[in-house]
Ligand SMILES: Cc1ncc(COP(=O)(O)O)c(C=O)c1O
């Protein structure tokens with residue numbers, strides 16, 4: 001068996017962890033579209049530690065958009081590393097009560113925001129939309145140029161909204177298998193991915209969800225996962241993020257140990273980045289490893 005890692009965490013220079021991984025894939029065509037339509041502002045939503053917020057802030061600074069981040073909950077000072085980064089990139093941060101945040105896609109909430117900020121290209125929380133899927137599909141095109149992909153190939157990826165996984169499924173176009181590892185608890189991911197595929201008139205069935213590696217849910221962790229992250233980094237020299245990719249790699253290695261993958265197959269694990277989250281995580285829970 002061969003295990004390969006698609007290092008999308010290296011898509012952007014290491015001094016800015018924020019605009020790499022699946023964020024670059026998911027934002028690319030949105031940025032092109034925003035520019036073509038003449039928008040000068042990007043507006044999006046996220047939690048206080050959101051990789052997506054950090055990425056949109058970086059993308060705006062890089063490509064000449066002003067950016068607005070609508071942040072769930074109340075302001076906490078000093079700003080955590082994610083929001084500090086966003087602010088340093090020029091993002092305007094506005095906090096929204098949780099009850100209103102839940103209704104953020106409703107026309108009257110959006111209208112109120114637009115009245116305040118003027119026209120803006122709106123990206124959903126997490127950045128998943130049709131253009132995001134289009135960008136992720138390119139990851140598979142790259143993979144095909146890098147390694148042979150056939151019926152015995154599995155691509156493993158972490159899931160939040162399921163957009164990255166759906167883009168990979170589209171790119172694989174029925175070949176091999178795609179396995180999603182949700183970072184969140186619950187059994188909604190299958191439905192989300194199915195819906196995202198249906199939106200693209202696709203009905204591929206060569207995919208599955210491994211729901212047993214959420215470690216308690218979003219942004220939750222257990223000592224076992226912390227030890228794994230530290231060991232993995234020491235052994236392979238590759239950093240993992242505590243929210244998404246650590247659970248993915250743990251899951252893949254566990255399935256390999258269980259003998260789930262047949263001999264002679266190829267497993268490609270997609271490193272979707274998220275390393276900006278390490279600082280904020282350590283601030284809350286304490287250092288889990290010295291990476292240097
Ligand atoms: C580092 C990282 N990996 C994976 C994911 C999951 O991506 P998606 O929301 O497209 O499922 C996210 C969340 O957006 C993320 O930040």
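Has the range 180-187 got any residue that is in contact with a helix residue (DSSP H, G or I) (Cβ under 6 Å, 6 or more places away or on another chain), within 23 Å of residue 8 (Cβ to Cβ), assigned to a loop (DSSP other than H, G, I, E, B) and within 15 Å of the ligand (Cβ to nearest atom)? Scanning the range 180-187, I find at least one residue that is in contact with a helix residue (DSSP H, G or I) (Cβ under 6 Å, 6 or more places away or on another chain), within 23 Å of residue 8 (Cβ to Cβ), assigned to a loop (DSSP other than H, G, I, E, B) and within 15 Å of the ligand (Cβ to nearest atom), so the answer is yes.
Does residue 148 fit the bill of being more than 14 Å from the ligand (Cβ to nearest atom) and not in a helix (DSSP H, G or I)?
Yes.
Filtering the range 12-41 to residues that are within 16 Å of residue 88 (Cα to Cα) and in contact with a helix residue (DSSP H, G or I) (Cβ under 7 Å, 6 or more places away or on another chain) leaves 16, 18, 19. The single condition from (1) in contact with a strand residue (DSSP E or B) (Cβ under 8 Å, 6 or more places away or on another chain); (2) within 16 Å of the ligand (Cβ to nearest atom); (3) under 27 Å from residue 199 (Cα atoms); (4) in a helix (DSSP H, G or I) that residue 83 fails is (3).
Based on this model, can you work out whether residue 60 counts as in a loop (DSSP other than H, G, I, E, B) and at pLDDT 95 or above? Answer is no for this residue.
Applying the condition of being under 15 Å from the mean Cα position of the chain (by Cα) and assigned to a helix (DSSP H, G or I) to the range 95-129 and asking which residue is nearest to residue 34 (Cα to Cα) yields 127. If the condition is being within 20 Å of residue 271 (Cβ to Cβ) and more than 14 Å from the ligand (Cβ to nearest atom), then the range 13-58 contributes 13, 14, 15, 16.
Out of the residues in the range 240-281 that are in a helix (DSSP H, G or I) and more than 16 Å from the ligand (Cβ to nearest atom), state the one that is farthest from residue 23 (Cα to Cα).
257
Which one is surrounded by the fewest Cβ atoms within 10 Å (Cβ to Cβ), of the residues in the range 209-226 that are outside any loop (DSSP other than H, G, I, E, B) and over 18 Å from the mean Cα position of the chain (by Cα)? Steps first, answer last, please.
Taking the range 209-226 first, the residues outside any loop (DSSP other than H, G, I, E, B) are 209, 223-226.
Filter again for over 18 Å from the mean Cα position of the chain (by Cα), leaving 223-226.
Working: 223: 8, 224: 10, 225: 19, 226: 18.
Looking at the filtered set, the residue picked out is 223.
Residue 28 fulfils the conditions (1) crowded, with 20+ Cβ neighbours inside 10 Å; (2) under 19 Å from the mean Cα position of the chain (by Cα); (3) at pLDDT 95 or above except for a single criterion, (1).
The values are calculated or read from the model by the stated rules, or taken from the named source; none is laboratory data. These numbers come from a predicted model, not from an experiment. When we count neighbours, we look across all protein chains shown, and the Cβ atoms used for this are built from the backbone with ideal geometry, even at glycine.
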